[in-house]
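Notes follow once the structure below has been shown.
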Amino acid sequence: MSVPDYMQCAEDHQTLLVVVQPIGIVPEESFFRIYKRISAVSQVNVRDSQRVLYIRYRHHYPPENNEWGDFQTHRKVVGLITITDCSSAKDWPQTFEKFHLHKELYGATLYDSRLFVFGLQGEIAEQPRTDVAFYPSYDECETVEKRIEDFIESLFIVLESKRLDRATDKSGDKIPLLCVPFEKKDFVGLDTDSRHYKKRCQGRMRKHVGDLCLQAGMLQDSLVHYHMAVELLRSVNDFLWLGAALEGLCSASVIYHYPGGTGGKVGSRRAQGGSLSAEAGNRHRPGKDGILFSLCALTSNGINADTSAEIGRAKNCLSPEDIIDKYKEAISYYGKYKNAGVIELEACVKAVRVLAIQKRSMEASEFLQNAVYINLRQLSEEEKIQRYSILSELYERIGFHRKSAFFKRIAAMQCAAPSIPEPGWRACYKLLLETLPGYSLSLDPKDFSKGTHRGWAAVQMRLLHELVYASRRMGNPALCVRHLSFLLQTMLDFLSDQEKKDVTQSLESYTAKCPGTMEYITLPDGLKLPPVPFTKLPIVRSVKLLNLPTSLRPHKVKSLLGQNVSTKSPFIYSPIIAHSRGEERSKKIEFQWVQGDVCEVQLMVYNPMPFELRVENMGLLTTGVEFESLPAALSLPAESGLYPVTLVGVPQTTGQITVNGYHTSVFGVFSDCLLDNLPGVKTSGCTVEVIPALPRLQISTSLPRSAHTLQPSSGDEISTNVSVQLYNGETQQLIIKLENIGAEPLEKLEVTAKTVNTKEKLYGDFLTWKLEDTLSQFPLKPGKIATLTVNIKVKLDFSCQENLLQDLSDDGISVSGLPLYSPFRQVVKPRVETKPINPQESSKAGDFSHVKVSDVRISNICGLWRMFCMPCST
């Protein structure tokens with residue numbers, strides 16, 4: 001026997017093997033649809049005897065393995081079901097002949113066989129036959145299950161007859177010597193009358209009868225026969241069959257202790273022992289009333305009921321600990337025979353499955369390690385793949401995840417072995433993906449953003465490189481880009497400088513054909529690969545939203561604020577509300593942005609690469625309002641340290657805007673980097689209010705600018721300083737040009753004046769203006785200019801001011817420090833004299849509203865005056 005069955009488990013020893021195969025050309029889909037219906041009838045309850053028959057179906061089984069049927073009867077093909085297409089009567093004789101040829105492959109061991117013919121109608125199909133079933137089509141075959149039930153009934157009859165025939169003590173007849181294929185030449189010329197030979201024959205036959213009893217559902221009888229066979233075979237040192245008897249004893253004990261099975265399908269097998277009669281009504285009963293066997297000739301021989309007592313069964317049954325010891329002993333006996341390598345390997349697999357149920361992982365690993373070194377014949381690449389895959393599955397069952405990943409990776413490499421004419425790169429890629437959990441590797445970059453790296457980075461990088469190579473051989477550049485991006489993002493800290501250069505060069509070569517995107521990649525098996533944003537290229541340390549320039553900042557009007565405080569509801573303290581407000585303040589910015597104005601966000605970034613990093617198409621990601629991001633491109637020096645980068649954009653609508661992150665394009669990979677996924681990023685808040693667009697006014701005067709400022713700006717005002725020199729009593733005009741440089745019209749103008757002097761009693765009314773001509777040009781549309789004329793007349797009293805001479809200059813009267821303010825977005829300042837032009841309109845402002853388009857003021861046009869008088873020489 002050269003082909004191992006890696007799916008074997010201990011409970012398979014009680015199954016009857018039935019092979020289902022197609023004859024001729026049968027559509028694969030149709031065949032497996034019928035095969036699925038046939039294999040569904042896998043457990044049949046024999047009602048009268050409270051026994052259960054288990055059927056194991058295979059659609060492919062090597063004929064050479066059938067030669068080991070006497071050694072272990074569950075390896076013997078006892079049933080054959082063939083499926084064929086036959087559309088015409090003239091093809092029927094040839095089809096029936098093929099059916100007989102198929103039977104000859106397993107003819108020595110078959111109990112019964114069936115042929116299912118699809119598509120043939122007429123006189124031939126109407127003839128009643130026991131071994132042939134005719135169906136018009138694959139969709140009209142309602143009686144398939146009933147046919148299988150009848151088929152299993154015939155198998156049971158033959159099985160029970162053989163069991164009774166072999167179990168009967170025939171004192172006058174010689175017991176035949178059962179052999180495995182490679183033993184037949186060794187027993188030629190032996191003395192068949194010796195006591196040693198007879199014991200060997202008796203021991204092997206006892207073991208064979210134990211197998212038949214186990215298949216027939218007689219667990220207690222099988223235990224008795226196995227014990228007797230062990231004693232007989234041990235006395236004659238028949239180690240190969242002694243190992244088989246011990247393995248049969250272990251299998252029967254496993255079936256008793258673990259009725260749910262050890263094959264991994266929990267609940268797939270029916271309970272044994274004392275619960276048999278209680279669960280008889282819940283078991284699979286093919287047909288309406290189940291299979292009712294009334295075999296009068298066999299009733300007296302114990303077929304009606306298995307009357308074995310539980311106490312007797314428990315006495316002959318091995319304990320869970322003894323099961324493993326007997327498995328070890330049996331495997332040691334198999335190891336003595338070179339030709340029994342497959343039997344030894346399968347026994348190791350069965351023992352591992354039992355140990356997995358018992359949660360004895362270390363002992364299970366010893367069995368698996370032994371299985372790895374069992375030397376079989378030269379295996380094909382497909383058989384190697386199957387072997388390593390099963391080893392991986394078994395290591396996974398006992399909790400050895402990294403070992404499991406190791407063998408699955410070897411299986412993946414075998415899929416693309418050089419000896420294979422057409423390497424299976426898709427199968428290789430699929431197996432490599434299955435190894436990721438064993439190496440603590442996930443293809444979701446979010447799992448690596450927590451800061452703690454799990455697993456061996458060197459092994460993980462090797463595996464990612466293999467995924468990239470397999471993707472390239474599959475002809476999928478998008479997968480190559482995704483895996484290389486993941487490698488660069490998650491393993492950046494473990495890459496050497498040279499490796500960083502190599503990976504980035506490979507990435508750029510792939511993105512030239514297929515740029516990296518933020519879309520999910522769906523694999524053929526349904527697995528979705530998430531996008532990989534480059535949050536480390538560059539690394540962002542802090543994010544800060546910047547206030548607008550002073551000339552563009554909006555300010556609430558204090559006067560309006562003061563008028564509306566009284567209209568609010570009474571203040572009630574609540575610690576819960578205070579706490580929530582505190583949290584909101586930590587995220588929401590105190591200043592505002594204005595619709596249509598350019599807004600800025602400053603990032604402090606760092607280039608971790610050993611070469612210059614070019615970042616293209618870098619912009620802001622926002623939510624809340626419509627926002628036009630103005631992308632930027634930057635070049636960061638190698639290992640630059642913290643480097644400030646300012647990203648700008650223009651909000652198009654009003655409301656609350658939240659800066660969620662930024663987008664970049666690095667090495668041809670487009671990334672959307674969210675701040676929530678950036679560990680260690682410092683930010684003072686990311687939410688700011690966007691208010692409606694406000695008017696913008698530019699002021700220019702006819703007077704020259706002053707070289708110095710007498711009173712610094714408070715920060716809420718935009719000012720300019722002009723200077724003029726006048727003699728006492730002299731008058732001069734100041735022409736102020738008002739230009740609307742914004743997109744909103746100016747509908748209202750207020751002018752106020754305030755004069756300030758550091759010297760006492762030196763003040764007077766010397767500024768006058770007329771707004772009628774200026775207001776006639778309002779509303780001032782965007783791009784238009786209005787003028788305002790202010791008359792400056794110096795009229796001061798110098799009596800009793802002798803000390804002023806120390807402050808005079810040689811140029812006569814000096815008027816300097818004339819600041820001009822543009823407070824359209826400012827809080828109105830308290831002033832000495834206010835002259836509103838339209839007082840009835842100024843009362844219409846809403847609560848806490850910003851200064852609107854219709855409420856533009858020019859305050860403190862003339863302020864901070866210092867005037868001095870010097871006597872003339874005449």
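The values are calculated or read from the model by the stated rules, or taken from the named source; none is laboratory data. Values in this document were obtained by computation on a predicted structure and should not be read as measured data. Every residue, glycine as well, gets a Cβ built from its backbone with ideal geometry; the counts of neighbours run over all protein chains shown. Protein only, heavy atoms only, side chains kept; ligands, DNA and RNA dropped before computing areas. Shrake-Rupley method; radii C 1.70, N 1.55, O 1.52, S 1.80 Å.
Taking (1) touching a residue at least 24 places away in the same chain (Cβ under 8 Å); (2) open to solvent by 40 Å² or more (accessible area, probe 1.4 Å) in turn, PRO549 satisfies each apart from (1).
Quick check: is even one residue across segment 458-471 surrounded by fewer than 19 Cβ atoms within 10 Å (Cβ to Cβ) and outside any helix (DSSP H, G or I)?
Of the residues in segment 458-471, the ones surrounded by fewer than 19 Cβ atoms within 10 Å (Cβ to Cβ) are 458-459, 461-462, 465, 469.
Okay, now just the ones that are also outside any helix (DSSP H, G or I), so none.
No; the residues of segment 458-471 include none that is surrounded by fewer than 19 Cβ atoms within 10 Å (Cβ to Cβ) and outside any helix (DSSP H, G or I).
VAL224 meets all of the listed conditions (1) outside any helix (DSSP H, G or I); (2) on the phi < 0 side of the Ramachandran plot but one, namely (1).
Scanning segment 34-68 for residues that are of a type outside the set (S, T, N, Q), farther than 17 Å from LEU155 by Cα and open to solvent by less than 10 Å² (accessible area, probe 1.4 Å) yields ILE34, TRP68. Scanning segment 202-242 for residues that are more than 13 Å from ARG163 (Cβ to Cβ), open to solvent by 10 Å² or more (accessible area, probe 1.4 Å) and without any contact (Cβ under 8 Å) to a residue 40 or more places away in the chain turns up GLN202, MET228, VAL230, GLU231, LEU232, ARG234, SER235, ASN237. Before we move on, is SER380 small (Gly, Ala, Ser), on the phi < 0 side of the Ramachandran plot and open to solvent by 10 Å² or more (accessible area, probe 1.4 Å)? Yes; evaluated as a whole, the condition is true for this residue. Identify, please: which residue in segment 636-656 is open to solvent by 40 Å² or more (accessible area, probe 1.4 Å) and part of a strand (DSSP E or B) and is, among those, nearest to ALA693 (Cα to Cα)? Ranking the qualifying residues of segment 636-656, first place goes to GLN656.
From the list LYS500, LYS513, LYS536, LYS528, exactly one residue is without any contact (Cβ under 8 Å) to a residue 12 or more places away in the chain and either within 20 Å of MET618 (Cα to Cα) or of a type in the set (Lys, Arg) (or both). Which is it? Spell out the reasoning first.
Working: LYS500 fails: without any contact (Cβ under 8 Å) to a residue 12 or more places away in the chain; LYS513 fails: without any contact (Cβ under 8 Å) to a residue 12 or more places away in the chain; LYS536 fails: without any contact (Cβ under 8 Å) to a residue 12 or more places away in the chain.
On inspection, the qualifying residue turns out to be LYS528.
Residue pairs whose Cβ atoms lie under 7 Å apart, sitting 6 or more positions apart in sequence or on different chains, and linking a residue in segment 683-711 that is more than 21 Å from PHE778 (Cα to Cα) and open to solvent by less than 70 Å² (accessible area, probe 1.4 Å) to a partner that is in a loop (DSSP other than H, G, I, E, B) and at pLDDT 85 or above, are VAL690/GLN595; VAL690/VAL625; VAL690/THR654; ILE691/GLN595; ILE691/THR654.
Residues that are modelled with pLDDT of 95 or more and of a type in the set (Lys, Arg) within segment 431-471 comprise just one, ARG462.
Pull up segment 413-431, narrow it to residues that are of a type in the set (A, V, I, L, M) and under 21 Å from the mean Cα position of the chain (by Cα), then point me to the one that is most open to solvent (accessible area, probe 1.4 Å). Steps first, please.
Here is the first cut: in segment 413-431, the ones of a type in the set (A, V, I, L, M) are 413, 416-417, 420, 427, 431.
Next, from what is left, pick out any that are under 21 Å from the mean Cα position of the chain (by Cα): 427, 431.
On the way: ALA427: 48, LEU431: 24 Å².
So, considering only residues that are of a type in the set (A, V, I, L, M) and under 21 Å from the mean Cα position of the chain (by Cα), the one most open to solvent (accessible area, probe 1.4 Å) is ALA427.
For the condition without any contact (Cβ under 8 Å) to a residue 12 or more places away in the chain and either among the aliphatic types (A, V, I, L, M) or open to solvent by less than 80 Å² (accessible area, probe 1.4 Å) (or both), PHE187 qualifies. When LYS199 is tested against (1) more than 57 Å from the chain's Cα centre (by Cα); (2) within 14 Å of THR73 (Cβ to Cβ); (3) among the basic types (Lys, Arg), only condition (2) is not met.
For ALA10, the conditions (1) within 45 Å of the chain's Cα centre (by Cα); (2) of a type in the set (Gly, Ala, Ser); (3) open to solvent by 20 Å² or more (accessible area, probe 1.4 Å) are fulfilled apart from (3). Across segment 516-525, the qualifying residues are those that are open to solvent by 20 Å² or more (accessible area, probe 1.4 Å) and not hydrophobic (A, V, I, L, M, F, W, C), and the one among them that is nearest to ASN617 (Cα to Cα) is THR517. Residues that are in contact with a Gly (Cβ under 8 Å, 6 or more places away or on another chain) and of a type in the set (A, V, I, L, M, F, W, C) were ranked within segment 604-624; the one that is least open to solvent (accessible area, probe 1.4 Å) is LEU620. Residue pairs whose Cβ atoms lie under 8 Å apart, sitting 6 or more positions apart in sequence or on different chains, and linking a residue in segment 137-158 that is within 21 Å of ALA125 (Cα to Cα) to a partner that is surrounded by 17 or more Cβ atoms within 10 Å (Cβ to Cβ) and at pLDDT below 90, are GLU145/PRO286; LYS146/PRO286; ILE148/PRO286; GLU149/VAL44; GLU149/PRO286; GLU149/ILE291.
Being modelled with pLDDT of 90 or more, in a helix (DSSP H, G or I) and on the phi < 0 side of the Ramachandran plot is a property that does not hold for ARG56. Taken over segment 607-642, the criterion of being of a type outside the set (Gly, Ala, Ser) and touching a Leu at 6+ places or on another chain (Cβ under 6 Å) is satisfied by ASN607, LEU613, VAL615, LEU620, LEU636. Only a single criterion out of (1) open to solvent by 20 Å² or more (accessible area, probe 1.4 Å); (2) at pLDDT below 90; (3) aliphatic (A, V, I, L, M) is not satisfied by LEU560, namely (1). For ASP676, the requirement of being among the acidic types (Asp, Glu), in a strand (DSSP E or B), open to solvent by 20 Å² or more (accessible area, probe 1.4 Å) and at pLDDT 85 or above is not met. Would you say LYS430 is out of contact with any Leu (no Cβ under 6 Å at 6 or more places or on another chain) and of a type in the set (Lys, Arg)? So LYS430 fits the description; yes.
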